[in-house]
Amino acid sequence: MNKAEKTRQFIIEKTAPIFNVKGYAGTSLNDMLTATGLTKGSIYGNFQNKDEVALAAFDHNVKQMFGVIKSEMDKQTSVKEKLQVYASVYENFMGSRFPEGGCPILNTSTEADDTHPTLRKKAADAITSWKNSIATLIKKGIADNEFSAELDPEQIAITIVALIEGGIMVSKVTGNLSYRTCIMKSVSKMINDLS
């Protein structure tokens with residue numbers, strides 16, 4: 001990486017947690033300056049505007065989140081074990097290497113659905129990508145005779161995503177962590193019942 005690319009990456013890494021915790025609207029230029037120790041000219045010399053920083057921060061947070069999942073999946077052998085990673089990681093995601101503030105897809109989706117079309121599209125694309133990766137695993141499980149051939153991988157995949165995101169949202173809004181635990185147990189049972 002050249003100096004400009006390193007500076008750009010530094011800005012992304014330092015502002016990503018702020019955007020994930022405070023959201024797009026709640027993150028100010030002063031927050032970005034404090035986090036990076038840079039000047040306004042340094043930040044906007046590397047990014048056109050706050051939108052561009054926020055989009056890059058979202059991508060960084062999602063990559064970090066899926067990196068945690070992939071790292072845990074790589075330790076498993078069967079498709080069922082790989083899918084169970086979702087339930088176990090999301091049940092304990094605050095203690096893992098997840099981005100500060102939790103799931104960036106949920107955080108961004110709830111803020112940007114009616115206010116920021118570009119961020120909303122990023123979140124929608126992340127959900128689609130996540131759903132597709134789960135569906136691909138389920139199809140592999142079917143091909144390996146680990147799961148029933150009668151399954152609908154797309155339907156199961158989007159249900160798993162919805163349960164996980166819903167569980168996190170309900171738990172965060174109510175402040176009741178046992179709700180997330182309960183819902184992740186349901187995700188785990190659903191995965192176990194695929195055979």
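The values are calculated or read from the model by the stated rules, or taken from the named source; none is laboratory data. Note that the structure is predicted; figures quoted are calculated from it, not measured. Glycine gets a Cβ as well: all are built from the backbone with ideal geometry, and neighbour counts include every protein chain shown.
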*asked:* Looking at 22, 6 in this structure, which one is among the basic types (Lys, Arg) and in contact with an Asp or Glu (Cβ under 8 Å, 6 or more places away or on another chain)?
replied: 22
*asked:* Just to confirm my filter: which helices (runs of 4 or more DSSP H) fall fully inside segment 57-151 and include at least 3 residues that are touching a Leu at 6+ places or on another chain (Cβ under 7 Å) and either among the charged types (D, E, K, R) or surrounded by fewer than 20 Cβ atoms within 10 Å (Cβ to Cβ) (or both)?
replied: 117-143
_Can you confirm whether residue 133 is closer than 22 Å to residue 65 by Cβ, among the hydroxyl-bearing types (Ser, Thr, Tyr) and at pLDDT 95 or above?_
yes
_Odd one out for residue 5, checked against (1) in a helix (DSSP H, G or I); (2) surrounded by 15 or more Cβ atoms within 10 Å (Cβ to Cβ)_ = (2)
*Can you tell me which residue among 100, 165 is touching a residue at least 24 places away in the same chain (Cβ under 8 Å), under 22 Å from residue 50 (Cβ atoms) and among the acidic types (Asp, Glu)?*
100
